[in-house]
Amino acid sequence: MRLIPPSELPYGELAMDEVYFEHDGPRFFALRAERTGMRLLALCVDEDEEAGTVTYIYLALSLERFQRVRGGSLKVRQAFELSNRGDIWQVIADYHAEPPANRVSPLDAVPSKWLPDADARLDLPTPTAPLFFRTELARQARESHRSLLAIELDPNGTNVTELRLRLLSRLGNSLQDTLDAVAQEEQGERTTSGSVQSAISSEVQVSVYGIRAASFVLLLAVDGEGRLFERSEVVEGTFRRLIGLTMSAAAPETLLSVLRDYSPRVRGKFKQLLEAATDARSGIAIHTAPLGAEAQSASLDRSQVSLALRTISEISPDRSELPLARVALTALNTHRHTFEVWDAVQGRYYTGALSKEARELVNDSRVGSSSFYSVMIEVLTDFASPSIEKYRLLSILELEP
Amino acid sequence: MSPRTRLPGHCPPEGHFEALGTFYRFSAPSLTVGAVVPESHWCLPIHVKKSEGYQQWSRCDAYAYSIFDSVDPLLEARRFLAWAKAKSICQINLVSAMGRLLETPSVVGPGHHDWYPQPLGLAPNAVVIEERP
């Protein structure tokens with residue numbers, strides 16, 4: 001469309017929102033102001049055969065009033081009658097001019113013959129929450145001077161703005177955990193166990209400030225608690241990494257390659273985020289609007305989430321060897337090929353399976369605290385669950401008393 | 001109409017089907033009930049200077065007429081639009097080999113179709129059933 005939306009109106013960039021009636025082109029429609037979120041209702045009122053022009057009237061509306069008009073609780077004519085000075089515009093479109101151009105002028109009063117019938121009203125179902133637009137997120141970030149993030153699900157593929165509370169809790173926890181873990185990577189202070197340092201996690205704590213439709217969209221803002229300004233470089237880097245992770249999950253090989261560069265903590269938290277989406281039987285989309293930086297989005301459909309999860313789950317565990325110089329053999333089951341040793345230095349037990357070689361070696365071993373052994377244990381660390389370690393006894397050698 | 005005007009290769013879009021049946025459309029204000037819509041009134045948007053699709057050569061819908069499978073949306077549109085109040089309404093009968101249809105409904109126009117006439121210069125038999133109010 002060339003002259004719709006009209007660029008001459010003082011509302012910034014406009015985009016077509018909905019077309020209510022068309023007849024050889026749109027005659028009754030709504031536009032969306034990308035910068036402010038407000039709406040403009042446009043009605044075709046006249047045409048001039050000789051001049052070859054078409055006249056529209058445009059009414060600027062707040063989002064709230066537009067939704068009332070759209071839902072029918074406010075009649076269209078009433079919306080015009082309740083408008084303020086400067087809200088109504090006459091737009092004469094000349095499609096055959098060189099170049100095609102609009103003539104735009106404010107209208108203080110609309111000729112009565114141009115207004116809709118008194119009882120004419122739309123009757124569109126209003127979503128339980130306002131619709132989500134990515135451009136809205138970027139605009140709100142600028143206006144609020146905060147970095148924003150949105151996570152979008154389509155639970156059960158029903159396009160309904162509802163999510164079970166338990167799933168919402170799980171989703172929220174896993175997203176925040178992922179942000180904390182990725183922020184740790186961004187700061188270059190990776191740890192594999194224990195909580196993420198509070199000085200790091202506090203930079204990327206987010207709070208819910210809204211919900212949007214269709215499907216289920218949670219709007220989040222980076223907390224400014226206790227700080228005048230957020231550390232935008234940390235937030236921007238964390239958001240960028242999160243988008244990168246999500247994008248990479250669309251292809252198994254790329255996902256593995258990307259995840260290998262991250263700590264087991266990040267792998268585990270990202271896996272938990274995908275699991276939350278899977279439990280909701282949904283794909284997942286992440287939209288970020290870091291303050292002062294480019295807004296980004298990444299999305300995975302339901303099948304991609306499932307495949308990514310399966311890919312992560314099927315990765316062989318990381319292997320390392322752990323020599324223990326002096327342990328007591330506290331349990332041995334030669335039928336099930338399992339063992340338990342006590343390391344007094346570390347003050348902990350190691351329990352696991354016997355390797356094939358170890359099964360031969362343990363035959364003459366004595367269980368109890370009177371004999372001590374030097375052992376080599378293989379540690380198997382789950383790729384995406386660093387807290388889960390499995391042990392295998394590789395070798396055992398009795399120490400001289 | 002330029003004899004060189006041809007439907008672009010990608011038009012009509014996917015989902016089109018044979019144009020058959022009785023449809024309705026706005027027509028010139030001066031026409032009265034029973035009047036046959038003159039052949040000269042049939043001009044595709046791509047050639048109509050006051051059309052939003054004027055000379056939009058690569059746009060499919062610029063080569064189509066808006067028609068409705070019921071007169072109700074047109075009557076409803078008159079309640080909202082002064083432009084529509086200034087029009088008469090005609091009934092069109094489409095028989096075989098008159099082109100293709102694409103369903104393109106909207107809120108106030110649920111039975112809206114884009115009719116791609118074949119040949120492009122085709123003027124169907126259309127009779128006015130409702131005068132301008």
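The values are calculated or read from the model by the stated rules, or taken from the named source; none is laboratory data. All figures in this text were calculated on a predicted structure; none of them were measured in a lab. Because the Cβ atoms are built from the backbone with ideal geometry, glycine has one as well, and the counts that use them run over all protein chains shown. Protein only, heavy atoms only, side chains kept; ligands, DNA and RNA dropped before computing areas. Shrake-Rupley method; radii C 1.70, N 1.55, O 1.52, S 1.80 Å.
A Förster distance of 25 Å, applied to the separation of the beta-carbon atoms of A:T36 and A:K113, puts the FRET efficiency at 0.20. Calculated FRET efficiency, B:C43 to A:A325, Cβ-Cβ distance, R0 = 56 Å: about 0.05 to the nearest 0.05.
Expressed as a whole percent, the accessible area of the protein assembly as shown that falls on carbon and sulfur atoms is 48 (1.4 Å probe). Buried between A and B is an accessible area of approximately 2800 Å², summed over both sides with a 1.4 Å probe. Database remark: amide H of A:S395 closer than 5 angstrom to the amide H of A:M376 (H placed geometrically; neighbours at sequence offset of 5 or more, or on other chains; Pro and chain starts carry no H). For region A:261-294 and region A:1-54, compute the distance between their C-alpha centroids and round to whole Å. The two parts, judged by their Cα centres, are 39 Å apart.
In this label model, A:T351 and A:D261 are separated by 4.0 nm, measuring between points 7 Å along each Cα→Cβ vector. The Rg/Rh ratio of region A:1-157, with Rg taken over Cα atoms and Rh as the Kirkwood radius over Cα pairs, comes to 1.00. With only Cα atoms counted, the protein assembly as shown has Rg and Dmax values of 34.0, 118 Å.
Taking a ≥ b ≥ c as the square roots of the eigenvalues of the Cα gyration tensor, region B:36-114 is rounded, since a/c falls below 1.5. Which residue, B:A82, B:A28, B:A64, has the most motion in a Gaussian network model of chain B that connects Cα atoms within less than 10 Å? With Cα springs under 10 Å in chain B, the top fluctuation among B:A82, B:A28, B:A64 is at B:A82. Can you tell which of A:P99, A:P252, A:P317 shows the greatest fluctuation in a Gaussian network model of chain A with Cα springs below 10 Å? Its mean-square fluctuation being the largest, the pick is A:P99. Which one of A:L31, A:L220, A:L332 has the biggest mean-square fluctuation once chain A is modelled by GNM with Cα springs under 10 Å? Answer for the Gaussian network model of chain A: A:L332.
Each of B:S70 and A:R281 was given a label point 7 Å from its Cα along the Cα-to-Cβ line. The distance between the two points is 3.4 nm. FRET efficiency for the pair B:T32 and A:A51, taken as 1/(1 + (r/R0)^6) with r the Cβ-Cβ distance and R0 = 30 Å, rounds to 0.75. I'd like to know which of A:A101, B:P73, A:A295 lies farthest towards the positive end of the charge dipole of the protein assembly as shown, counting +1 on Cβ of Lys and Arg and -1 on Cβ of Asp and Glu. It is B:P73, whose Cα lies furthest towards the positive end.
Couplings 3J(HN,Hα) of region A:71-88, computed from phi: x, x, 6, 10, 6, 4, 4, 4, 4, 5, 5, 8, 6, 8, 4, x, 8, 10 Hz, in residue order, whole Hz [Karplus 6.51 cos²θ - 1.76 cosθ + 1.60, θ = phi - 60°; x for Gly and Pro]. Okay, which of region A:257-299 sit inside 12 Å, backbone N to the point 7 Å along the Cα-Cβ direction of A:A251? From region A:257-299, the list is A:257-258.
The amide H of B:E130, built 1.01 Å from its N in the peptide plane, has B:I89 as neighbours under 5 Å, considering only residues 5 or more places off or on other chains. Counting every alpha-carbon pair across region A:218-292, the share separated by more than 18 Å comes to 49%.
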